[in-house]
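Written below as structure tokens is the structure these notes are about.
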């Protein structure tokens with residue numbers, strides 16, 4: 001039997017790429033899945049429709065997760081349609097390409113808001129229910145860029161992802177005794193729309209396994225953390241050996 005049968009999961013930024021792969025993996029494990037999106041309504045609906053065709057419960061929910069009011073409305077909507085959220089995957093993010101002399105204050109603020117503040121807002125919104133039920137799983141999608149500086153994208157991206165790992169540990173130590181685990185997964189170069197420019201630039205030749213990763217491989221790491229009640233405060237690297245922690 002699927003081991004997440006009866007659980008309800010929310011995947012932010014779940015309409016494509018890594019988020020889509022995670023949504024599918026959670027559904028295959030038995031969870032009802034809410035697919036959050038901000039602009040890609042058609043893609044989010046396509047994901048949820050595919051999940052329903054295979055017998056799963058799913059809903060596409062629009063929200064700008066960098067806004068508290070949107071997040072609160074989204075959580076209320078999901079709970080009304082699917083039930084209380086027990087699994088949260090904070091995947092939504094942006095990776096603007098900016099040089100050291102090109103980045104603006106607005107670029108910096110927007111990147112931290114979308115990539116880091118959103119994880120805080122979504123976590124705060126679902127925590128009361130998780131703590132009351134004494135069961136919850138939160139997985140934050142970080143990046144290899146938190147450790148190596150990600151020279152191909154904005155320095156704000158690296159700062160936001162490093163902050164996400166700190167946020168992960170901060171929540172983990174406070175929630176461990178209440179049945180809620182909080183972990184992170186840090187992908188390296190992954191074959192998605194976001195990763196394609198780097199793949200085309202030849203970045204993958206520096207990966208020891210000799211290729212970029214897939215969204216499905218990241219999703220497997222997420223499931224590992226969701227299924228394990230004794231792992232919390234950890235960052236799992238999924239990077240093909242490009243960086244050893």
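Checking every residue in segment 25-35 against the condition of being under 19 Å from the mean Cα position of the chain (by Cα) and over 22 Å from residue 215 (Cβ atoms) gives zero matches. Against the list (1) in contact (Cβ under 8 Å) with a residue 60 or more places away in the chain; (2) in a loop (DSSP other than H, G, I, E, B), the condition residue 101 fails is (1). Residue 119 - would you say it is in a loop (DSSP other than H, G, I, E, B) and surrounded by 23 or more Cβ atoms within 10 Å (Cβ to Cβ)? It is false that residue 119 is in a loop (DSSP other than H, G, I, E, B) and surrounded by 23 or more Cβ atoms within 10 Å (Cβ to Cβ).
Would you say residue 129 is closer than 21 Å to residue 75 by Cβ, surrounded by fewer than 21 Cβ atoms within 10 Å (Cβ to Cβ) and in contact (Cβ under 8 Å) with a residue 40 or more places away in the chain?
Details: closer than 21 Å to residue 75 by Cβ: yes; surrounded by fewer than 21 Cβ atoms within 10 Å (Cβ to Cβ): yes; in contact (Cβ under 8 Å) with a residue 40 or more places away in the chain: yes.
In short, yes.
Among the conditions (1) under 22 Å from residue 191 (Cα atoms); (2) touching a helix residue (DSSP H, G or I) at 6+ places or on another chain (Cβ under 6 Å), the only one that residue 44 does not satisfy is (2).
Residue-by-condition table, conditions (1) under 20 Å from residue 4 (Cα atoms); (2) surrounded by fewer than 16 Cβ atoms within 10 Å (Cβ to Cβ):
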| site | (1), (2) |
| --- | --- |
| 33 | yes, no |
| 38 | no, no |
| 42 | no, yes |
| 57 | yes, no |
| 66 | no, no |
| 75 | yes, no |
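When the helices (runs of 4 or more DSSP H) confined to segment 135-245 are screened for residues that are within 23 Å of residue 23 (Cβ to Cβ) and under 16 Å from the mean Cα position of the chain (by Cα), those reaching at least 3 such residues are found at 155-175, 215-227. Among the residues of segment 210-217, is any modelled with pLDDT of 95 or more, surrounded by 18 or more Cβ atoms within 10 Å (Cβ to Cβ), closer than 30 Å to residue 131 by Cβ and in contact with a strand residue (DSSP E or B) (Cβ under 7 Å, 6 or more places away or on another chain)? The answer is no; no qualifying residue exists.
When 98, 134 are checked against the criterion of being surrounded by fewer than 21 Cβ atoms within 10 Å (Cβ to Cβ), in contact with a helix residue (DSSP H, G or I) (Cβ under 8 Å, 6 or more places away or on another chain) and modelled with pLDDT of 95 or more, 134 stands alone in meeting it.
The values are calculated or read from the model by the stated rules, or taken from the named source; none is laboratory data. Keep in mind that this is a model prediction, so the values were computed, not measured. All Cβ positions, even for glycine, are placed from backbone atoms using ideal geometry, and neighbour counts span all protein chains on display.
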